[in-house]
Amino acid sequence: MNIVVVYTSKYGSTEKYAHWIAEALGCNAKKLSEVSSKDLLMYDVIIYGGGLYASGISGFKKFLKILGTADNKTLALYMVGLTNPEEQGAYTEIADKNIPPEWKNRFEIFAFRGDQQFSRMSALHKIMMRVPKSMAEKKPPEQRTEEDRMFIENFGEDLFFSNKAYILPLVEYIKNTTI
Ligand SMILES: Cc1cc2nc3c(=O)[nH]c(=O)nc-3n(C[C@H](O)[C@H](O)[C@H](O)COP(=O)(O)O)c2cc1C
C-alpha cells in the first residue's frame with residue numbers, strides 16, 4: 001500500500017503531526033504546496049492535515065481540488081487546533097462546515113491539539129487572537145469554560161499542547177484498513 005501524508009501548516013504544529021504519522025506508518029509527509037494531482041494518483045491511502053484558522057481547515061479546499069475523484073482510495077483528515085479535542089462536538093461542527101456534502105462519507109476524521117506560537121505569529125493573527133479573548137471576557141466568570149480561561153489568562157503566551165499520543169487512533173485506523 002502506498003501511503004502519503006499531505007499537510008498545510010503555518011506555525012509548525014500540523015507539520016510536526018505529519019512527520020509523527022509518517023514515521024509511524026513508514027511513509028512520506030509532503031507539503032500541499034509541493035504536491036500535484038498527478039503525484040496523488042500513485043497513492044492508495046492519502047492523509048490530509050490542516051491547522052485551524054477561524055474555524056477553517058487550512059488548505060483543505062485546495063487539497064480537494066487536486067485530489068480529483070479519488071476513487072478506491074482510503075482518505076483520512078486530521079485537524080489541528082487549540083481547541084481541546086476532548087471538548088464534545090467542537091471539531092464535529094468544524095468538520096461539518098468544512099467538508100462539502102459529496103465528500104462527507106469519504107474521510108475518516110481526527111482532531112489533534114496544537115501549539116499556540118504567539119511569539120512567531122503575524123501581526124494580523126495576533127489581532128485575530130483578541131476575538132476569542134474578548135468573547136471569553138464578556139461571559140460572567142462562572143460561565144467561562146476551561147478554554148475561555150486559557151484565552152484570558154494565557155493571552156500573548158506560547159502554549160505547547162502537541163502530543164504524539166494523539167496520532168494513535170489515526171495510525172490504528174490506517175493500519176487496520178490497509179491489512
Ligand atoms: C488567527 C488564528 C485563528 C485560529 N482559529 C482557531 C480555531 O478556529 N479553532 C482552533 O481550534 N484553533 C484555532 N487557532 C489555533 C491554531 O489552529 C493552532 O495554533 C494550530 O496549532 C495551528 O497549526 P499550524 O501551526 O500547523 O498552522 C487559531 C490560531 C490563529 C493564529
With Asn105 itself left out, Lys, Arg at +1 and Asp, Glu at -1 over residues whose Cβ is under 15 Å from its Cβ give -1
For the chain, what is the charge dipole size about the Cα centre, in debye to the nearest 20, if Lys and Arg each add +1 at the Cβ and Asp and Glu each add -1 at the Cβ?
-> 580 debye
Heavy-atom accessible area per residue, segment 29-179, 1.4 Å probe: how many Å²?
-> 57 Å²
When the helix-only estimate is applied to the chain (DSSP H runs of n ≥ 4, each -39,500 (n - 2.57), divided by the residue count), what is the mean residue ellipticity at 222 nm, nearest 500 deg cm²/dmol?
-> -10500 deg cm²/dmol
Among Thr145, Asn163, Ser122, the residue whose Cα sits farthest towards the positive end of the charge dipole of segment 83-165 (+1 at Cβ of Lys and Arg, -1 at Cβ of Asp and Glu, taken about the Cα centre) is Ser122
Please return the longest stretch of the chain lacking exposed loop sites, where GluC sites (Glu not before Pro) count only if DSSP places them in a loop and at most 11 other Cβ atoms lie within 10 Å.
-> 1-85
For segment 121-175 versus segment 51-107, the gap between their alpha-carbon centres in whole angstrom | 19 Å
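With a ≥ b ≥ c taken as the square roots of the eigenvalues of the C-alpha gyration tensor of the chain, please select rounded if a/c is under 1.5 and otherwise prolate if a/b is larger than b/c or oblate if it is not?
prolate
The values are calculated or read from the model by the stated rules, or taken from the named source; none is laboratory data. All values reported here derive from a predicted model rather than from experimental measurement. Using ideal geometry, Cβ is built from the backbone for each residue, glycine included, and neighbour counts are taken over all protein chains shown. In case anyone asks, the SASA skips ligands and DNA or RNA and just uses the protein heavy atoms, side chains included. Shrake-Rupley method; radii C 1.70, N 1.55, O 1.52, S 1.80 Å.
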